[in-house]
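The values are calculated or read from the model by the stated rules, or taken from the named source; none is laboratory data. From a predicted model like this one, the values you see are computed outputs, not experimental measurements. Cβ coordinates were reconstructed from backbone atoms using ideal geometry, including for glycine residues, and neighbour counts include every protein chain displayed.
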Amino acid sequence: MVHSELRKSFRIMTDKQRVELAKQAEVELKTGLELMGKDKKTIKDLITSKAEVNKLIDTLLHPLFNRNPTFIMLDSILHGLAEQNPLETLLKFMHYNLPKIIKEITR
């Protein structure tokens, strides 16, 4: 239900409002990353394996997927950096994220 309400509110936004929303989301994400960056021990404790890195990426970005397809791209890039396997990253992107992006931009 919340998903459809968000979609409705997004549809009635002007292009200017959508750009502003994307800018606000970017600022919020950067602020969160900066705050996390200040506490290196906490980050080191949170990120001790690739699986935990991927879980952290998912936790931060998946809730933002419906706001802007850019977050889907960022998710793929960060997972690629974590995995350090370009071919696997590309295949996973094409399988999981490309269909989501196409769906969002064709609505």
Taking only the stretch 82-105 into account, find how many residues are β-branched (Val, Ile, Thr), within 21 Å of Arg67 (Cα to Cα) and touching a helix residue (DSSP H, G or I) at 6+ places or on another chain (Cβ under 7 Å). 1
Lys40 vs. criteria exposed (fewer than 13 other Cβ atoms within 10 Å of the Cβ) and either at pLDDT 80 or above or farther than 25 Å from Tyr96 by Cα (or both): yes
Pairs, first under 17 Å from Leu81 (Cα atoms) in the stretch 92-107, second surrounded by 14 or more Cβ atoms within 10 Å (Cβ to Cβ) and of a type in the set (Gly, Ala, Ser), C-beta under 6 Å, six or more apart: Phe93/Ser76; Asn97/Ser76
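Restricting to the stretch 67-87, what's the tally of residues that are under 14 Å from Leu56 (Cβ atoms) and at pLDDT 85 or above? Show your work before the answer.
Taking the stretch 67-87 as the starting set, the residues that turn out to be under 14 Å from Leu56 (Cβ atoms) are 74-75, 78-79, 81-83.
Going one step further and asking which of them are at pLDDT 85 or above, we end up with 74-75, 78-79, 81-82.
Count: 6.
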Do you know which of the residues in the stretch 47-63 that are closer than 15 Å to Leu33 by Cα and hydrophobic (A, V, I, L, M, F, W, C) is nearest to the chain's Cα centre (by Cα)? Leu61
Restricting attention to the stretch 61-76, which residues are surrounded by 13 or more Cβ atoms within 10 Å (Cβ to Cβ), assigned to a helix (DSSP H, G or I) and either of a type in the set (Lys, Arg) or touching a Phe, Trp or Tyr at 6+ places or on another chain (Cβ under 9 Å) (or both)? Leu61, Leu64, Phe71, Ile72, Met73, Asp75, Ser76
Among the residues of the stretch 91-107, count how many are surrounded by 13 or more Cβ atoms within 10 Å (Cβ to Cβ) and among the hydrophobic types (A, V, I, L, M, F, W, C). 3
Check the stretch 52-59 and report whether any residue there is among the charged types (D, E, K, R), modelled with pLDDT of 85 or more, on the phi < 0 side of the Ramachandran plot and touching an Asp or Glu at 6+ places or on another chain (Cβ under 8 Å). yes
